[in-house]
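K.L.:
Input: one structure, supplied below.
The values are calculated or read from the model by the stated rules, or taken from the named source; none is laboratory data. Just so we're clear, the structure is a prediction, and the values are computed from it rather than from any experiment. Ideal geometry is used to build each Cβ from the backbone, glycine not excepted, and the neighbour counts take in all protein chains shown. Protein only, heavy atoms only, side chains kept; ligands, DNA and RNA dropped before computing areas. Shrake-Rupley method; radii C 1.70, N 1.55, O 1.52, S 1.80 Å.
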Amino acid sequence: MAKIILTGDRPTGRLHIGHYVGSLKRRVELQNSGEFDKIYIMIADAQALTDNADNPEKVRQNVIEVALDYMACGIDPAKSTIFIQSQIPELCELTTFYLNLVTVSRLQRNPTVKSEIKMRDFEASIPAGFLTYPVSQAADITAFKATVVPVGEDQMPMIEQTREIVNRFNGIYGETLVEPEILLPDNKACLRLPGTDGKAKMSKSLNNCIYLSDSEEDVRKKIMSMYTDPDHIKVSDPGKVEGNTVFTYLDAFSKPEHFEKYLPDYKDLDELKAHYMRGGLGDVKVKKFLNAVMQEELAPIRERRKQLEQQIPEIYEMLKAGCAEAKAAAAETLKEVKDAMKINYFDDASLIAEQQAKYSEQQ
Ligand code: TRP
């Protein structure tokens, strides 16, 4: 069976380092591994509209921002097909058919949707499109016969829902759809990178994100004002590394070679952590090290983005070509789905002949 990747992001803002360590970095590695027959990266504008119906301009402006962030990180349109969800109407048709295979109570149990409903104050009146977006996500994944979906941990319930739909569909209509596997980051700190304020979720409104497009100075400022251990007041105090954002970020970003380069007094992160817990190590020193590590990783991304920002028309052309390719692939799956469901009236000569025969016999 072909090895196919599909994944994507909602274009509601620029992408931040949570997206980067949670999924983007892995996608680039997978892309460059050459192990996959096909890679689709989708800008999920239609899904973004499920909770931004009153603000389509926000979604419209951020499609290009996400495309720029993708390419800046190393997603290469020559190797991966980047496309925009709303331009593939086949996805809506698949969603319509899949909706019949899912119950409302099952949708209401989805933990990610549940917490999003709470966060958005939707409890009193949930937009139906929002409640059902996991079904549309199942359409996104199955339309491309994806075998692997590299995403963050919060997407686990969507993949679970997709697998249920695939099994239900294949059980009723015969083997048609492919069951996908989720691919999570293998580094625990990358599963859910906290905001710079230590809050569990990075969000634009909390102003606690480091964006891939932030300037060197912005990144430095955000790191230097990061949440650490509130009880670590004097340098000599013993400090906690658990729940200490600076150390969580080091878990996500630092490699042993960084120590040799920027902090040669320590062999590795374990040694640094041990000193911090013992007392005698100040936050500023650790933050400066984190800054060096992160700047090294982010500088090439920032520079590539700067160049790409001068090629907006070319990037739209690339997206247009990506949409055409994605549409062709989705159309093929939709045809198979309709054939399996036998909603292919005009292509089925035997249906017409049999129905005619039934009436002719009665004459
Ligand atoms: N739900 C994803 C997000 O919140 C975006 C998305 C839409 C997606 N369809 C997808 C991700 C299909 C993976 C596969 O960013």
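K.L.:
What ranking, highest mean first, results for peptides 107-120, 236-249 when packing means the other Cβ atoms within 10 Å averaged over each residue?
P.N.:
236-249, 107-120
K.L.:
I would also like to ask the following. Just the Kirkwood number for the stretch 64-111, please: inverse of mean 1/r across all distinct Cα pairs, in Å, one decimal.
P.N.:
13.7
K.L.:
Determine the distance separating the Cα centre of the stretch 11-37 from the Cα centre of the stretch 185-249; give it in Å without decimals.
P.N.:
21
K.L.:
Farthest toward the dipole's positive end in the chain, which of Tyr249, Pro313, Val148, given Cβ charges of +1 (Lys, Arg) and -1 (Asp, Glu) about the Cα centre?
P.N.:
Tyr249
K.L.:
Here's a follow-up. Mind checking the per residue accessible area of the stretch 248-363 for me, 1.4 Å probe, whole number of Å²?
P.N.:
61
K.L.:
Give me the percent of the accessible area of the stretch 22-61 that comes from carbon and sulfur atoms, probe 1.4 Å, all protein chains in place.
P.N.:
45
K.L.:
Any idea of Asp348's accessible area? Nearest 10 Å², probe 1.4 Å.
P.N.:
Taking all protein chains as shown, Asp348 has close to 40 Å².
K.L.:
Which stretch or stretches of the stretch 3-37 have amide N atoms under 20 Å from the point lying 7 Å from Ser115's Cα along the Cα→Cβ direction?
P.N.:
Output list for this probe position: 8-13, 15-24.
K.L.:
Then there's this: Hey, what did the stretch 206-304 get for relative contact order, percent, Cα under 8 Å, at least 6 apart?
P.N.:
Taking the mean separation of contacting Cα pairs over the length of the stretch 206-304, I get 35 percent.
K.L.:
Give, rounded to the nearest 20 debye, the magnitude of the charge dipole that the stretch 108-227 has about its Cα centre when Lys and Arg contribute +1 at Cβ and Asp and Glu contribute -1 at Cβ.
P.N.:
Dipole about the Cα centre, nearest 20: 320 debye.
K.L.:
For the peptides 157-165, 204-212, 4-12, what is the packing order when you average, over each peptide's residues, the other Cβ atoms within 10 Å and list the highest mean first?
P.N.:
For the peptides 157-165, 204-212, 4-12, the packing ranking is 4-12, 157-165, 204-212.
K.L.:
Principal axes first, then extents: for the Cα atoms of the stretch 71-148, list largest minus smallest coordinate on each axis, whole Å, largest first.
P.N.:
Reported extents, whole Å, longest axis first: 45, 29, 22.
K.L.:
Can you list, largest first and rounded to whole Å, the semi-axes you get for the chain by taking the square root of 5 times each eigenvalue of its Cα gyration tensor?
P.N.:
Values for the chain, descending: 46, 22, 18 Å.
K.L.:
May I pose another question? Could you tell me the accessible area of Tyr133 in Å² (1.4 Å probe, neighbours in place), rounded to the nearest ten?
P.N.:
Counting only protein heavy atoms, Tyr133 exposes about 0 Å² to solvent.
K.L.:
How many Å² of accessible area per residue for the stretch 109-232, probe 1.4 Å?
P.N.:
That works out to 47 Å² per residue.
K.L.:
Roughly how many whole Å is it from the C-alpha centroid of the stretch 321-363 to that of the stretch 43-72?
P.N.:
If you average the Cα positions of each part, the centres end up 35 Å apart.
K.L.:
Given labels modelled 7 Å from the Cα in the Cβ direction, how far is it in nm from Ser125 to Asp339?
P.N.:
In this crude spin-label approximation the distance works out to 4.5 nm.
K.L.:
Would you mind working out the magnitude of the charge dipole of the chain relative to its Cα centre, with +1 at each Lys and Arg C-beta and -1 at each Asp and Glu C-beta, to the nearest 20 Debye?
P.N.:
760
K.L.:
Just want the answer: with Cβ charges of +1 for Lys and Arg and -1 for Asp and Glu, which residue in Ile84, Pro180, Ile301 is farthest toward the dipole's positive end in the chain?
P.N.:
The Cα lying farthest towards the positive end belongs to Ile301.
K.L.:
Identify, among Ala138, Val102, Gly74, the residue whose Cα sits farthest towards the positive end of the charge dipole of the stretch 44-173, taking +1 on the Cβ of Lys and Arg and -1 on the Cβ of Asp and Glu, with the dipole about the Cα centre.
P.N.:
Farthest towards the positive pole: Val102.
K.L.:
Starting from the 7 Å offset along Cα-to-Cβ, what nm value, one decimal, do you get for the label separation of Gln310 and Asn187?
P.N.:
3.2
K.L.:
Provide the gained length on full extension for the span Ser205 to Glu29, in nm with one decimal, where the gain is 0.36 nm per separating residue minus the Cα-Cα distance.
P.N.:
Length gained, Ser205 through Glu29: 60.3 nm.
K.L.:
How would Tyr20, Tyr227 rank on accessible area, largest to smallest, probe 1.4 Å?
P.N.:
Tyr227, Tyr20
K.L.:
Cβ neighbours within 10 Å, averaged per peptide: list 93-99, 334-340 in order, most packed at the top.
P.N.:
The densest-packed peptide leads the list: 93-99, 334-340.
K.L.:
In the stretch 246-354, what percent of the accessible surface is made up of carbon and sulfur (1.4 Å probe, ligands and nucleic acids excluded)?
P.N.:
Its accessible area is 56 percent carbon and sulfur atoms.
K.L.:
Take every DSSP beta bridge whose two residues both sit in the chain, then give the antiparallel share in percent to the nearest 5.
P.N.:
5
K.L.:
Now, a different point. Rounded if a/c is under 1.5, else prolate if a/b beats b/c, else oblate: with a ≥ b ≥ c from the C-alpha gyration tensor eigenvalues square-rooted, which is the stretch 1-107?
P.N.:
Cα axes put the stretch 1-107 in the oblate bin.
K.L.:
So, one more: Taking the Cα centre of the stretch 194-314 as the origin, how large is its charge dipole in debye, to the nearest 20, when only Lys and Arg (+1) and Asp and Glu (-1) carry charge on their Cβ atoms?
P.N.:
The calculated dipole for the stretch 194-314 is roughly 260 debye.
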